[in-house]
1. Taking residue A:250, is it part of a loop (DSSP other than H, G, I, E, B) and surrounded by 19 or more Cβ atoms within 10 Å (Cβ to Cβ)?
2. Name every residue in the stretch A:180-223 that is open to solvent by less than 10 Å² (accessible area, probe 1.4 Å), in a strand (DSSP E or B) and farther than 17 Å from residue B:151 by Cβ, in order of residue number.
3. State the number of residues belonging to the stretch A:224-237 that are facing chain B (nearest Cβ under 10 Å), open to solvent by 30 Å² or more (accessible area, probe 1.4 Å) and either farther than 18 Å from residue B:96 by Cβ or in a helix (DSSP H, G or I) (or both).
4. With the requirement that a residue be open to solvent by 40 Å² or more (accessible area, probe 1.4 Å) and within 18 Å of the chain's Cα centre (by Cα), what does the stretch A:126-149 give you?
5. Aliphatic (A, V, I, L, M) and farther than 30 Å from residue A:100 by Cβ: does that describe residue B:259?
6. When you scan the stretch B:220-241, do you find a residue that is farther than 28 Å from residue B:173 by Cα, touching a residue at least 24 places away in the same chain (Cβ under 8 Å) and of a type in the set (S, T, N, Q), even just one?
7. Filter the stretch A:191-219 down to the residues that are touching a Phe, Trp or Tyr at 6+ places or on another chain (Cβ under 7 Å) and within 8 Å of chain B (Cβ to nearest Cβ), then identify the one that is farthest from residue A:123 (Cα to Cα).
Amino acid sequence: MSFYPVLNAPNVKGWVGVCNFSPNNWEKYSRVAKFVNVTYPSKGFWITKNIGKLPYGKYKKVSHQELSEFIPGNTLALISLTLTIPAEVSKSLPKLNTDKTTIPNSRATLGLSSKVFQTSYQGELDPFPSQGTLLSFAPFLQFDNNVKNFLLLINLEESAENRSGKVKVYDANKDCLKGEFQIFNNSINVIPLDELSFMEQELPLFVSKDMASIPLYFSTTEDGSYMSLEHTHPPASLVVHGKRWDAQKFLKNRWFSKVNL
Amino acid sequence: MVFKGQFVIIKFIERFRVLIWNWRQPLTVVPKNLNGVVSDLFIWRASNEWETYFELLDVVSLFEDSQSLNFVDIKIFNKSGFEVLQKKITLNKNSRQLINISNLISEEWGNVGTFAVFHSKNPTVVKELGSNIAERGYVSYTHKNSLIRSYVHGNLDAVTKMDDGKIELLGGASFLQRKYNLQYKFSNDAVHEIALVNPTNKQKKITFQVVSFEKGKVVDSKLIQLKPAACEIFKIKTGELDGVRLIIKSRLVMARPLIFSTKNFNLNVFHG
């Protein structure tokens, strides 16, 4: 089973909604109360704390605020639902003792709330290999004086050791570099996109050879009345059947070469 | 009392039980035609309150260069799954093209339906990998003229277009009745609607059940017959103290819904 990250973005509050029931009626799922835990990186280790127990059939919302008493600042907080409490301190991400489903995957609601409303998606997060890379074509920017656009790059790796890398932003049509940002592993990297001065017909391309991430795009009006949150597909999702992962490899090699990465 | 081989037997029974649910019941079938291009069946909503947009990307040119411009065929279906419009749109390479799907909709087609976006060809390298190019991209919606669009991506390789232009639905059917238990809490502070598409080539009986978190009991239910490529919008009944959740019963391998939550002018849209 996967982790559920508490999201983080400017002027909104992140939260996770977990449900203790199976998403289907045929894959194995224990009908018992489960432990709700939070795992976060600290000084090269993963720290896990149990924050409650969720009876079978029930729902629990965990907000960033309630975690802030023991998790500092913008540290990545990962919620999990398990049959036993994971080890309190570990060098690698704790292995979660819980049920796993596939059609569909067990998911939680990953949300951001403003004072007015909320935006969310159903998701989960599994660790990326440390040699992973990123290729994201992102047609999500919205253009209005009152609208702010952000990229939330979510990375998770087995090791809690800190490392950093770079993400570069191009106009896909002109292969010209529009910006470059430092990113960190085991983090939600918040990148403001409006300063890159993209035009409406231009297609932003985000690439990194240093780490893989989930690229989540967040748009909001300044007062938080209107929001949008969605991630781009990994390149493998542009094809179906056959050797999809070879197709992803081809696309990454082709575009990394185009931008001389 | 534990006997020798007990765990082997238990494991065998479990494997057999899972096999009943998986054998010859894929989530989607493989298109017969290697030249076939694939699309999701996206939901469109068009009315005084709703507008639907789609981000057209030249996915073919992401894989290969060509001298000529590529295009997409957009096929629009009404709520009952009948094709009502086909439109060809030329694409700009490596650029964004946002189209307003609602502007293509005629009032007589109703205010909800589905649409598919087929790219002009399956790129050579994709064909060589035994794969088919798929459009599962980005729809967005506005509600009551909201200032920004709310995006949601497609999920399923629901339909393929063949060389003769005909379409074939690819959704997998289940032998046994399945439950899709949406892992989400519908609260009382918004209006929630869910949309479901039948991506299979046979009519399906679908039951929507709304269950109270507090009582654990069904507080609302609706049974429909959903034709191939058809869609249905179901409004979630709220009012329960601790919120409600949704169960979708059907013989679809995965009845994944699209959820629209609105509060005045605000909109949150996401898939299960």
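1. Details: part of a loop (DSSP other than H, G, I, E, B): no; surrounded by 19 or more Cβ atoms within 10 Å (Cβ to Cβ): yes.
For residue A:250, the condition - part of a loop (DSSP other than H, G, I, E, B) and surrounded by 19 or more Cβ atoms within 10 Å (Cβ to Cβ) - is not met.
2. Those that are open to solvent by less than 10 Å² (accessible area, probe 1.4 Å), in a strand (DSSP E or B) and farther than 17 Å from residue B:151 by Cβ: A:183, A:191, A:205, A:207, A:208.
3. Of the residues in that region, 1 qualify.
4. Of everything in the stretch A:126-149, those that are open to solvent by 40 Å² or more (accessible area, probe 1.4 Å) and within 18 Å of the chain's Cα centre (by Cα) turn out to be A:126, A:127, A:128, A:129, A:130, A:131.
5. On the way: aliphatic (A, V, I, L, M): yes; farther than 30 Å from residue A:100 by Cβ: no.
Considered against the rule, which asks whether it is aliphatic (A, V, I, L, M) and farther than 30 Å from residue A:100 by Cβ, residue B:259 comes out as no.
6. Within the stretch B:220-241 (the criterion being farther than 28 Å from residue B:173 by Cα, touching a residue at least 24 places away in the same chain (Cβ under 8 Å) and of a type in the set (S, T, N, Q)), the answer is yes, since at least one residue qualifies.
7. Per the criteria, the residue is A:200.
Yes/no matrix, rows are residues, columns are (1) modelled with pLDDT of 95 or more; (2) facing chain A (nearest Cβ under 9 Å):
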{"residue": "B:168", "(1), (2)": "no, no"}
{"residue": "B:180", "(1), (2)": "yes, yes"}
{"residue": "B:204", "(1), (2)": "yes, no"}
{"residue": "B:217", "(1), (2)": "no, no"}
{"residue": "B:233", "(1), (2)": "yes, no"}
{"residue": "B:240", "(1), (2)": "no, no"}
{"residue": "B:261", "(1), (2)": "yes, yes"}
{"residue": "B:265", "(1), (2)": "no, yes"}
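The values are calculated or read from the model by the stated rules, or taken from the named source; none is laboratory data. None of these values were measured; they are calculated from a predicted model. Cβ coordinates were reconstructed from backbone atoms using ideal geometry, including for glycine residues, and neighbour counts include every protein chain displayed. These accessible areas exclude ligands, DNA and RNA; they are computed on the full protein's heavy atoms, side chains included. Shrake-Rupley method; radii C 1.70, N 1.55, O 1.52, S 1.80 Å.
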